[in-house]
1. If I ask for residues that are of a type in the set (Ser, Thr, Tyr) and more than 19 Å from residue 164 (Cβ to Cβ), which ones from the range 11-57 would you list?
2. If you take the residues in the range 85-113 that are under 16 Å from residue 163 (Cβ atoms) and hydrophobic (A, V, I, L, M, F, W, C), which one is farthest from the chain's Cα centre (by Cα)?
3. For the range 122-139, which residues satisfy the criterion of being surrounded by 17 or more Cβ atoms within 10 Å (Cβ to Cβ) and either under 12 Å from the mean Cα position of the chain (by Cα) or modelled with pLDDT of 95 or more (or both)?
4. From 87, 79, 176, which residue is closer than 24 Å to residue 53 by Cα, basic (Lys, Arg), out of contact with any helix residue (DSSP H, G or I) (no Cβ under 6 Å at 6 or more places or on another chain) and surrounded by fewer than 19 Cβ atoms within 10 Å (Cβ to Cβ)?
5. May I ask you to verify whether residue 69 is at pLDDT 95 or above, in a helix (DSSP H, G or I), among the hydroxyl-bearing types (Ser, Thr, Tyr) and under 19 Å from the mean Cα position of the chain (by Cα)?
6. For the range 9-20, indicate whether the set of residues that are farther than 17 Å from residue 120 by Cβ and at pLDDT 90 or above is non-empty.
7. I'd like the full set of residues that are surrounded by 15 or more Cβ atoms within 10 Å (Cβ to Cβ) and either within 20 Å of residue 115 (Cβ to Cβ) or charged (D, E, K, R) (or both), limited to the range 150-173.
8. Being in contact (Cβ under 8 Å) with a residue 60 or more places away in the chain and crowded, with 17+ Cβ neighbours inside 10 Å is the filter here, so list the residues in the range 32-55 that pass it.
Amino acid sequence: MISEWPQSLESAILGRRTIHSFKTAKVSDDLIERAIDVACWAPNHFLTEPWKYYLLSDGPKAQIIEMNYKKNLTNKGARFAEVKKNRWQTVPGWLVITSKRSGIKKEEQENYAACCCAAQNLMLYLWTKGVGVKWTTGDIIETSSFANIVGFTTSTEKPVGMFWYGYPETIGKQIRQPLKNVLFRV
């Protein structure tokens, strides 16, 4: 466990991890609202600010969990469906980020990229406050049922991801490839 949370940008970037298990304590809405406010300073082409954030309450979370349970029950069986359902029920905080659709491929690509930058800002800010996040993009978020539960229209918004957040129960270790494998001088 990290004894002191990172204060520098470099330490936040190098230290942040995807969190798979959370403590039960809730993260304050004030902290999440501040994180979203900070996230919105991400670069975005022509200042389109293409993001929307949906902070989910218990009702929509329960509906999504049930929808996912039924899908898994049909596709993967009772044991798998039950394990997933139990796991999803332990996640203390849920946030959905969507990107504005425009009908113009290049603009939609730029909007999505901007939302990904905003998501990284959000995760880094929260990490510096001791809050971990898991960004998930499973098939469920692409359905019209998911959009209806969350409250957006798929014709005008594309889901970027569901962001589970909370205080980390455990923090995993990770490694990255050496720079020589990813940097090419041309």
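1. Of everything in the range 11-57, those that are of a type in the set (Ser, Thr, Tyr) and more than 19 Å from residue 164 (Cβ to Cβ) turn out to be 11, 48.
2. Filtering first and then ranking leaves 88.
3. 122, 123, 124, 125, 126, 127, 131, 132, 133, 134, 135
4. Step by step, each of 87, 79, 176 is checked, and only 87 is closer than 24 Å to residue 53 by Cα, basic (Lys, Arg), out of contact with any helix residue (DSSP H, G or I) (no Cβ under 6 Å at 6 or more places or on another chain) and surrounded by fewer than 19 Cβ atoms within 10 Å (Cβ to Cβ).
5. Against the criterion (at pLDDT 95 or above, in a helix (DSSP H, G or I), among the hydroxyl-bearing types (Ser, Thr, Tyr) and under 19 Å from the mean Cα position of the chain (by Cα)), residue 69 does not qualify.
6. The answer is yes, given that some residue of the range 9-20 is farther than 17 Å from residue 120 by Cβ and at pLDDT 90 or above.
7. 150, 152, 154, 157, 158, 159, 160, 161, 162, 163, 164, 165
8. Answer for the range 32-55, where residues must be in contact (Cβ under 8 Å) with a residue 60 or more places away in the chain and crowded, with 17+ Cβ neighbours inside 10 Å: 32, 35, 36, 39, 42, 44, 50, 51, 52, 54.
The values are calculated or read from the model by the stated rules, or taken from the named source; none is laboratory data. From a predicted model like this one, the values you see are computed outputs, not experimental measurements. FYI the Cβ positions are ideal-geometry reconstructions off the backbone, even for glycines, and counts take in every protein chain you see.
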